[in-house]
Amino acid sequence: MGGRVTRVFRNFNVENRASREISKEKPTPAPRHRTARLDAMADSPEIKEEVFRKDDRFLTLLKDVYVESRDPPVRVKDGGGEHLPSKQEEKRLTKLGHLEGLDVKKVPKGKISLVEALTLLNNHKLQPQVWTAEKIAAEYSLELKEVNSLLEFFIPFAVQEFPKETKKAITSHKPKQLT
C-alpha cells in the first residue's frame, strides 16, 4: 500500500519539475585561490622568457661548487636470525595411514595436524591402556603436559544408534483420551 502512495507522489508532475530545474540559472562559481591564477599565468611569454634565460652570475657560482659524496659504511642488521629463511623448523612426517590424502604431509615437531589429533583422541578413547599419554607424547613428539591437557579437555564424538521401535511397541502404547 505504501509503495503505491510514494510512487504517485514521485511521478506527480515530473516533466514540469524537470524543466523547471533545467531552466534555472547556474550558480556562479566561488572565487579561485591566487595560486590557481598563477598557474594560468605560467603560460605567458614573459614568464617563459624569465625561466629559460641564463644568468651568468649564477652560472659562475655554480661552476665553483664541487660536491664530493661518500656513502656511509654498510651496517648489517643483526636481528637474531628470527626472520631469516636459513633457520628451519625441525619437521616430522605425519602418521595418518589411510587418511593420508586429507591432511598435510609435514608438521613441525611439538605440533600435530587436525587429522592426527582426532586419530589419537579416538585411539585413546577406544584403547586407553594401550594409548597412554606417555605413548602418545613419544609417538607424536609432544610434551606430556600438553598431551594430558588434550586428553582431559577434548573428547571425540561418539555415535550412538538407538533401536528402532517396532509396530507392536507403538500399537501397545495407548494414547490418553481427552475428556
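The values are calculated or read from the model by the stated rules, or taken from the named source; none is laboratory data. Because the structure is predicted, anything quoted here is derived from the model rather than measured. Cβ: placed from backbone, ideal geometry, glycine included. Neighbour counts: every protein chain shown. Accessible surface is based on the protein model in full, side chains and every heavy atom, while ligands, DNA and RNA are left aside. Shrake-Rupley method; radii C 1.70, N 1.55, O 1.52, S 1.80 Å.
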- Limited to the range 132-179, what total is found for residues that are surrounded by 10 or more Cβ atoms within 10 Å (Cβ to Cβ) and either over 13 Å from residue 117 (Cβ atoms) or modelled with pLDDT under 60 (or both)? 12
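For the range 107-128, does any single residue satisfy the condition of being assigned to a helix (DSSP H, G or I), of a type in the set (Gly, Ala, Ser) and at pLDDT below 90?
Filtering the range 107-128 down to residues assigned to a helix (DSSP H, G or I) leaves 114-126.
Subsequent filtering for residues that are of a type in the set (Gly, Ala, Ser) retains 117.
Next, only the ones that are at pLDDT below 90 stay: 117.
Yes, because at least one residue in the range 107-128 is assigned to a helix (DSSP H, G or I), of a type in the set (Gly, Ala, Ser) and at pLDDT below 90.
Given the criteria open to solvent by 100 Å² or more (accessible area, probe 1.4 Å), closer than 30 Å to residue 154 by Cβ and modelled with pLDDT under 85, does residue 84 qualify? Can you show your working first?
Numbers: open to solvent by 100 Å² or more (accessible area, probe 1.4 Å): yes; closer than 30 Å to residue 154 by Cβ: no; modelled with pLDDT under 85: yes.
In short, no.
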- Message: Need the failing condition index for residue 57 against (1) outside any loop (DSSP other than H, G, I, E, B); (2) modelled with pLDDT under 85; (3) open to solvent by 100 Å² or more (accessible area, probe 1.4 Å), just the number.
- Response: (2)
